[in-house]
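Below is one structure; the comments refer to it alone.
The values are calculated or read from the model by the stated rules, or taken from the named source; none is laboratory data. Every value quoted in this text rests on a predicted model; they were computed, and no experiment measured them. Reconstructed Cβ throughout: ideal geometry from the backbone, glycine too, with neighbour counts over all protein chains shown. Accessible surface is based on the protein model in full, side chains and every heavy atom, while ligands, DNA and RNA are left aside. Shrake-Rupley method; radii C 1.70, N 1.55, O 1.52, S 1.80 Å.
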Amino acid sequence: MNKEKTRKNVFAKLGEKVKACFGGIKAFFKKCGRETYSSMAFMGVGQILNGQYVKGILYALAEVLIIAYFSLTGIKDFVGFFTLGTNKGDAWLGIAGDNSVIMLLRGILSWIIIVVTVAMYFSCVKDANKYAEIKGVGYVPNFKDDLSSLLNRNFFKIALALPLIGVAVFNILPIVFMILIAFTNYGGDIVPPELVDWSLDSFAKLVALGDLSQTFGKILGWNILWAVTSTAFNYFVGLGLALLYNKKCVKGKAIWRAFPILAYAVPGFITLLAFKFMFSNGGPINNMIVANGGKIVDFLGINSKWMARGIGFFVNAWLSVPSIMLLATGILTNINGDLYEAARIDGANSFVQFRKITLPFVLFSTTPVLISQFVGNFNNFGVFYFLRSDIITDGYFAASDTDLLINWLYRLSIDNNYYAVGAAISLIIFVITSVLSLIVYVRSSAYKKEDTFK
């Protein structure tokens with residue numbers, strides 16, 4: 001009964017909202033004048049009737065350009081987004097054919113232009129209606145007034161316009177393209193001039209029984225273990241070093257701090273190549289082992305699964321711990337010393353003080369950084385690419401037993417042309433990292449107890 005009552009209340013509220021929405025639309029059309037209806041028929045006409053001639057001409061010119069785009073190529077691009085081509089190319093016969101990938105990109109662009117057009121249309125109608133109401137009772141600003149407003153009170157709109165366009169072109173468009181590629185069969189033998197089709201085969205291959213799905217399961221499990229363990233290890237080692245360097249008994253703090261900072265200052269790929277050389281069969285470590293009567297240890301070889309993974313943990317710590325140490329050092333100086341004094345009076349030992357005072361304060365301040373470290377470690381392409389890029393392990397499909405999902409994605413896409421599968425893995429990586437990051441942040445004290453340490 002309670003569930004049924006709740007369901008009825010939900011539908012009742014939804015019905016009220018829909019009714020209110022339609023009521024608002026009806027009221028809007030009831031008070032509209034000829035200026036508003038004119039702008040609905042053709043953008044800019046309402047502005048011209050309001051005496052805003054330059055603005056009206058600009059709106060009209062925009063509609064003319066949009067109509068010209070869709071007449072010349074826009075409709076074709078929009079339809080091509082769904083078909084991804086119907087005419088297959090043939091180099092021997094000199095038939096160019098349709099390029100499905102280009103058609104997908106042009107189709108995405110057509111969708112963007114449609115969204116911009118709809119937004120511009122509603123903006124034009126709203127603007128015409130607004131100044132039609134003002135015209136009867138007050139002064140209607142001209143183009144010079146609007147321009148002056150943009151350069152003063154509304155200057156933020158101009159300042160944000162170029163960055164927004166840049167983000168849309170260089171960030172959003174590639175991300176949307178990558179997501180859509182995951183829902184095609186693009187890759188392998190199906191590349192232009194072959195026609196690409198919409199398909200869910202990439203996801204099916206990752207979950208169905210087979211080499212791809214088995215490799216995906218192994219790498220996903222290792223990837224999660226790597227990200228969690230590496231993030232926790234680096235964080236607590238960095239925090240431990242910061243606590244150690246803050247001790248009054250430590251002499252020459254500036255000198256000791258310089259070592260990890262210097263390690264952090266060296267470019268990461270140089271460090272990774274140096275470690276690869278050090279642990280190689282002909283490297284200095286093996287030379288020392290042989291010089292002392294031992295045998296060569298294959299640290300990074302094809303059968304050195306956990307040894308290579310351990311070296312990966314060590315190298316990643318070498319690269320990441322200094323940044324955590326520097327961050328924690330600054331945070332520790334902001335903790336009120338009276339808290340520790342009160343804890344000592346109450347009989348709390350050093351471990352209790354760390355658990356009850358230091359760790360909560362540092363975690364509160366560094367939760368966003370900790371999340372970014374987790375995401376960075378989950379997508380840490382460099383460590384195992386530089387250490388073992390030439391290794392392919394038995395039981396793995398085009399991967400080694402140290403590869404993370406990002407490494408496997410690279411091998412599939414760049415080395416083996418499995419573009420759709422790579423895009424599907426990218427989408428899965430995004431879902432995993434975003435969901436886990438959101439859950440951790442929402443459950444953290446940095447979100448729940450924002451005012452605790454203020």
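From the list Phe269, Phe279, exactly one residue is of a type in the set (Phe, Trp, Tyr) and within 33 Å of the chain's Cα centre (by Cα). Which is it?
Going through Phe269, Phe279 in turn, just one is of a type in the set (Phe, Trp, Tyr) and within 33 Å of the chain's Cα centre (by Cα): Phe269.
Please go through (1) farther than 21 Å from Thr333 by Cβ; (2) open to solvent by 30 Å² or more (accessible area, probe 1.4 Å) for Val369 and return the number of the only condition it doesn't satisfy.
(1)
Please give the number of the condition Phe203 fails out of (1) part of a helix (DSSP H, G or I); (2) in contact with a helix residue (DSSP H, G or I) (Cβ under 6 Å, 6 or more places away or on another chain); (3) more than 26 Å from Asn417 (Cβ to Cβ).
Among (1) part of a helix (DSSP H, G or I); (2) in contact with a helix residue (DSSP H, G or I) (Cβ under 6 Å, 6 or more places away or on another chain); (3) more than 26 Å from Asn417 (Cβ to Cβ), the lone unmet condition for Phe203 is (3).
Restricting attention to region 129-144, which residues are open to solvent by less than 80 Å² (accessible area, probe 1.4 Å) and out of contact with any Phe, Trp or Tyr (no Cβ under 9 Å at 6 or more places or on another chain)?
Tyr131, Ala132, Ile134, Lys135, Gly136, Gly138 - these are the residues of region 129-144 that are open to solvent by less than 80 Å² (accessible area, probe 1.4 Å) and out of contact with any Phe, Trp or Tyr (no Cβ under 9 Å at 6 or more places or on another chain).
Select, from Lys248, Lys305, the only residue that is surrounded by fewer than 18 Cβ atoms within 10 Å (Cβ to Cβ) and without any contact (Cβ under 8 Å) to a residue 40 or more places away in the chain.
One residue alone meets the criteria, Lys248.
Search region 421-435 for residues that are surrounded by 17 or more Cβ atoms within 10 Å (Cβ to Cβ) and pair each with any residue that is of a type in the set (D, E, K, R) when their beta-carbon atoms are under 8 Å apart and the residues are at least 6 apart or on different chains.
Close Cβ pairs (under 8 Å, with a partner that is of a type in the set (D, E, K, R)) amount to Val421/Lys205.
Against the conditions (1) free of Cβ contacts under 8 Å to residues at least 40 places away in the same chain; (2) farther than 28 Å from Thr433 by Cβ, where does Pro267 fall short? Just the number, please.
Just one mismatch for Pro267, condition (2).
Pick from region 378-403 the residues that are over 23 Å from Leu209 (Cβ atoms) and under 22 Å from the mean Cα position of the chain (by Cα): which of them is surrounded by the most Cβ atoms within 10 Å (Cβ to Cβ)?
Phe384
Check off (1) open to solvent by 60 Å² or more (accessible area, probe 1.4 Å); (2) free of Cβ contacts under 8 Å to residues at least 40 places away in the same chain; (3) under 25 Å from the mean Cα position of the chain (by Cα) for Ala159 and give me the number that stays unchecked.
The single condition Ala159 does not satisfy is (1).
Would you mind listing the helices (runs of 4 or more DSSP H) fully within region 234-349 where at least 1 residues are modelled with pLDDT under 85 and not aromatic (Phe, Trp, Tyr)?
Correct list: 253-265, 268-278, 305-332, 337-345.
So, Val421, is that one part of a helix (DSSP H, G or I) and closer than 30 Å to Leu209 by Cα or not?
yes
Ser413 - would you say it is hydroxyl-bearing (Ser, Thr, Tyr), on the phi < 0 side of the Ramachandran plot, open to solvent by less than 50 Å² (accessible area, probe 1.4 Å) and assigned to a helix (DSSP H, G or I)?
The answer is yes for Ser413.
Considering (1) in a loop (DSSP other than H, G, I, E, B); (2) open to solvent by 50 Å² or more (accessible area, probe 1.4 Å); (3) out of contact with any strand residue (DSSP E or B) (no Cβ under 9 Å at 6 or more places or on another chain), say which one Pro192 fails and leave the rest.
Among (1) in a loop (DSSP other than H, G, I, E, B); (2) open to solvent by 50 Å² or more (accessible area, probe 1.4 Å); (3) out of contact with any strand residue (DSSP E or B) (no Cβ under 9 Å at 6 or more places or on another chain), Pro192 violates only (2).
State all residues of region 363-390 that are hydrophobic (A, V, I, L, M, F, W, C) and either closer than 26 Å to Tyr410 by Cα or at pLDDT 85 or above (or both); if no residue qualifies, say none.
The answer is Val369, Leu370, Ile371, Phe374, Val375, Phe378, Phe381, Val383, Phe384, Phe386, Leu387.
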